[in-house]
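Engineer: The structure's right below; bear with me while I get my questions together.
The values are calculated or read from the model by the stated rules, or taken from the named source; none is laboratory data. Keep in mind it's a predicted model, so treat the numbers as computed, not measured. Cβ coordinates were reconstructed from backbone atoms using ideal geometry, including for glycine residues, and neighbour counts include every protein chain displayed. The protein model used for the area step is the full one, side chains on, heavy atoms only, and it has no ligands, DNA or RNA in it. Shrake-Rupley method; radii C 1.70, N 1.55, O 1.52, S 1.80 Å.
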Amino acid sequence: MIRLIATDLDGTLLDAEGKMPAGIFETIEKLHARGILFCAASGRQLAGLRELFRPVADKIVYIAENGAIIARGGEILHTDPLPAAESVRVLDAVRDVPGAHPLLCTAERAYYGEYAQPFVRFVQLSYISNGQRDLYETAAHEPVCKIAVYDEKGPENNCMKKLPPLLAGLRLTLSGGNWLDVSEKSANKGNAMRFLLEKFSLSADECAAFGDHMNDYEMLLACGHPHLPSNAYPRLKTRKTACCRH
């Protein structure tokens, strides 16, 4: 029996315009009444997820920032931040990549250091709690959950060719569109899902998961019933996830 349903948002649950499917809140209410957990699993920040699911915000669990934050309702259950020295290492590396713009993501707010467009416009569309601040000073004084990088040229053609050798030991993940996420190696949706399974005494076979991009890969593997939408990223489709259903 399925007791937990986890889904990515952009490219999976949401439509091409970023809108929720009709009746989703009623469906979540019915799942909650039957004792089935609904999990919103996303690279988005926690504040944005809570706002998006406001009608049922206290009845679901969240995997935010691609696994760096796990919460239930208004309670943060677990965080997996980058050490300050590693955040500085990422900022130094990204600074030397033309067209790349770092965004420091803390549990409460996302910070950009430069007011560059269209970077800031995309930040404000996806991160409802955001602001401008010196990134190095922020990294020294606040826990950073991840550093999202907006790549004007597309990360596959730019950042992913230059950053991996400079950021050994960290996790670099394509998270959709022009975005790349850098986080602790252990911060991913798969480990977050395993945390939830243990927290709520569930087995992998009691969990169904839906995802469309590489930041969903570990989550799909962690669940007994993984599913890929038809529009899933081609590289994800070719991964050895034979159990995935399309």
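Engineer: Quick one: accessible area per residue over segment 94-246, 1.4 Å probe, rounded to a whole number of Å²?
Structural biologist: Spelled out: the 1.4 Å probe surface of segment 94-246, per residue, equals 46 Å².
Engineer: Give the share of C-alpha pairs in each 10 angstrom bin for segment 107-184, from 0 to the last occupied bin, in whole percents, shortest bins first.
Structural biologist: For segment 107-184, the pair-distance distribution reads 17, 49, 33, 1.
Engineer: Let me ask you something else. Only Cα pairs within less than 10 Å get springs; with that Gaussian network setup on the chain, which residue of Gly23, Gly73, Gly176 has the largest fluctuation?
Structural biologist: Looking only at Gly23, Gly73, Gly176, the biggest GNM fluctuation is shown by Gly23.
Engineer: Helix-derived [θ] at 222 nm for the chain: sum -39500 (n - 2.57) over DSSP H runs of at least 4, divide by residue count, nearest 500?
Structural biologist: After summing the helix terms and dividing by the residues of the chain, the value is -7500 deg cm²/dmol.
Engineer: Got a sec? Charge dipole of the chain, +1 on Cβ for Lys and Arg, -1 for Asp and Glu; which of Leu196, Cys105, Leu77 is way out at the positive end?
Structural biologist: Leu196
Engineer: Could you work out the pair-distance distribution P(r) of segment 18-75 from its alpha-carbon pairs, with 5 angstrom bin width and percents rounded to whole numbers?
Structural biologist: 4, 20, 32, 25, 15, 4
Engineer: At 1.4 Å probe size, with the rest of the protein present, what percent of the exposed accessible area of the chain is carbon and sulfur atoms?
Structural biologist: Of all accessible area on the chain, carbon and sulfur atoms account for 52 percent.
Engineer: Sticking with this structure for a sec: Using only the Cα atoms of segment 70-213, what semi-axes does the equivalent ellipsoid have when each is the square root of 5 times a gyration tensor eigenvalue? Give whole Å, largest first.
Structural biologist: That gives 27, 17, 15 Å for the three semi-axes.
Engineer: Work out the length of the dipole vector of the chain about its Cα centre, built from +1 on the beta-carbon of each Lys and Arg and -1 on the beta-carbon of each Asp and Glu, and round it to the nearest 20 debye.
Structural biologist: Result for the chain is approximately 540 debye, rounded to the nearest 20.
Engineer: Okay, next question. Enumerate lysine pairs in the chain that are 8 or more residues apart or on different chains, then count those whose Cα atoms are under 14 Å apart.
Structural biologist: 5
Engineer: Out of the DSSP beta bridges found with both residues in the chain, what percent are antiparallel (nearest 5)?
Structural biologist: Among the beta bridges of the chain, antiparallel pairing accounts for roughly 60 percent.
Engineer: While we're on this one: Take the alpha carbon atoms of the chain, find their radius of gyration, then divide it by 2.2 N^0.38 Å using N residues; give the quotient.
Structural biologist: Against the empirical 2.2 N^0.38 Å value, I get 0.97 for the chain.
Engineer: Now, a different point. Taking a probe of 1.4 Å, how large is the accessible area per residue of segment 1-59, in Å²?
Structural biologist: 50 Å²
Engineer: Full extension from Ser230 to Glu198: what is 0.36 nm times the residue separation minus their Cα-Cα distance, to one decimal in nm?
Structural biologist: Taking Ser230 through Glu198 to full extension adds about 8.5 nm, to one decimal.
Engineer: I would also like to ask the following. Given H placed 1.01 Å from N in the peptide plane, which residues other than close sequence neighbours of Arg44 have an amide H under 5 Å from its amide H?
Structural biologist: Residues meeting the criterion, in which the H sits 1.01 Å from N, are Glu65, Asn66.
Engineer: Using a 10 angstrom cutoff on alpha carbons, build the Gaussian network for the chain and name the most mobile of Asp151, Asp205, Asp15.
Structural biologist: Greatest mean-square fluctuation among the candidates belongs to Asp15.
Engineer: When the chain is fully extended, how far beyond the present Cα-Cα distance does Arg121 get from Met1, taking 0.36 nm per residue of separation?
Structural biologist: So the extension gain works out to 38.9 nm.
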